[in-house]
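Just below is one structure, and these are the notes that go with it.
The values are calculated or read from the model by the stated rules, or taken from the named source; none is laboratory data. The structure displayed is predicted, hence computed values, not measured ones. Cβ placement follows ideal geometry from the backbone for every residue including glycine, while neighbour counts extend to all protein chains displayed.
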Amino acid sequence: MRSKKILHVAECDKFIPPFIDFVNKHFEPTKHEFMLTGGMSSGNLKNCVNVHLSGESKLLKLKHYFSLILKMHQADKVILHGLFNIKIVQILFFAPWLLKKCCWVIWGGDLYTYQFGLRNKKWLINEFFRRPVIKKIGHLVTYIEGDIALARKWYGATGKYQECLMYTSNLYKEYEVSESKKTSINIQVGNSADPSNNHIEALEKLLPFKERDICIFVPLSYGSKEYAKQVITQGKEWFGDKFKPFTEFMPFEQYLSLLGSIDIAIFNHKRQQAMGNTIALLGLGKTVYLRSDTSQWPFFEMKGIKIGDIEKLNSLDSQKITGNVEIVKAYFSPENYKKQLTQLFDY
């Protein structure tokens, strides 16, 4: 019996090179092919025969998409890592017979553009193509069932739900975090300079504690520079030297050290976002506050993971939540991830 050929289609974002490494290590590389357009992590790709990165010129991009169309027809399964690229959406719009073998790995922003996208002419045109594609796509891949419900509600999506942790960034990792002798209460607000973090609103909730011995750490290394400036200006005005913004990318070990020093994290996103950060902090037993109207809230509740509601933030009490650590360790494990990928690849 001929083995299935699986085609992965993605922009080379930061999650993709580690995903390719995991698949090539734990599965048969000859069964998987990766067709990538350039992204922030193109330079991190290893030289593998099953990885194809589009060139930068118009001619090379045209050649890439022509090759992609051929390979999508030849593949037994097509895994779409996010639905941000309107050209790929348009290919599927005009070749709807491909949709039943397509799996949409839902990133978040590609779904929530329905709710939070700027409703201009471009949005309307994009949604004209996206709606029938999302409706008929064969499989919907995520581990947040609430996002599946929203895809069905907003787009009439009929695809089968495939539970999967999606990327290695969501896996629990055993961290050795040294105990610091700090006296301040360390608070992390948000994870990027994307306006969806709603930093100002989150910082307002900390104003009653501004006279306490606190340090507010705010990662702003990627996203909108203009928005980052606004957040920094307001944060400094309200909290002075207690406000600590990070505008440069931090080496992983340094960022890990920061997470280890955090007592309380506040993620004020109105949609599913920052899950890698959230899982890492919960895995360290940290106190995490989220909005209760997001799709990840019922997921954490269902798993028995204790999280705080931002609207009920009325103290800065925190303690290591060992129960969260054990649950995160079991569900977000490499073993469970490999099992889920096996089910996704073999159905």
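Of note, residue 218 satisfies the criterion of being touching a His at 6+ places or on another chain (Cβ under 8 Å) and within 22 Å of residue 282 (Cα to Cα). One residue stands out in region 338-347 among those that are touching a strand residue (DSSP E or B) at 6+ places or on another chain (Cβ under 8 Å) and assigned to a helix (DSSP H, G or I): the one that is surrounded by the most Cβ atoms within 10 Å (Cβ to Cβ), namely 344. Residues of region 42-68 that are surrounded by 13 or more Cβ atoms within 10 Å (Cβ to Cβ), of a type in the set (A, V, I, L, M, F, W, C) and out of contact with any Leu (no Cβ under 7 Å at 6 or more places or on another chain): 48, 68. One residue alone among 276, 283, 223 is touching a helix residue (DSSP H, G or I) at 6+ places or on another chain (Cβ under 9 Å), more than 19 Å from residue 170 (Cβ to Cβ) and assigned by TED's automatic domain parsing to the domain that holds residue 327, and that residue is 223. Which of the residues that make up region 317-337 are surrounded by fewer than 16 Cβ atoms within 10 Å (Cβ to Cβ) and more than 18 Å from the chain's Cα centre (by Cα)? Hits for region 317-337 are 317, 319, 320, 322, 323, 326, 329, 330, 335. Number of residues in region 118-167 that are free of Cβ contacts under 8 Å to residues at least 24 places away in the same chain, under 22 Å from residue 95 (Cα atoms) and among the aliphatic types (A, V, I, L, M): the value is 3. Count of region 223-237 residues, restricted to those that are modelled with pLDDT of 90 or more and crowded, with 16+ Cβ neighbours inside 10 Å, is 5.
When the residues of region 207-218 are filtered to those that are in contact (Cβ under 8 Å) with a residue 40 or more places away in the chain and not in a helix (DSSP H, G or I), the one that is nearest to residue 185 (Cα to Cα) is 214. All told, residue 134 falls short of being crowded, with 22+ Cβ neighbours inside 10 Å and outside any helix (DSSP H, G or I). Scanning region 180-192 turns up no residue that is out of contact with any Pro (no Cβ under 6 Å at 6 or more places or on another chain), assigned to a helix (DSSP H, G or I) and either on the phi < 0 side of the Ramachandran plot or not assigned by TED's automatic domain parsing to the domain that holds residue 300 (or both). Comparison of 155, 172 shows that the only residue that is more than 13 Å from residue 266 (Cα to Cα), out of contact with any Gly (no Cβ under 8 Å at 6 or more places or on another chain), surrounded by 14 or more Cβ atoms within 10 Å (Cβ to Cβ) and of a type outside the set (Lys, Arg) is 155.
Applying the criterion of at least 1 residues that are aliphatic (A, V, I, L, M) and free of Cβ contacts under 8 Å to residues at least 60 places away in the same chain to the strands (runs of 3 or more DSSP E) found wholly in region 230-302 leaves 287-290. One residue alone among 243, 267 is over 24 Å from the mean Cα position of the chain (by Cα), buried (at least 18 other Cβ atoms within 10 Å of the Cβ) and of a type outside the set (D, E, K, R), and that residue is 243.
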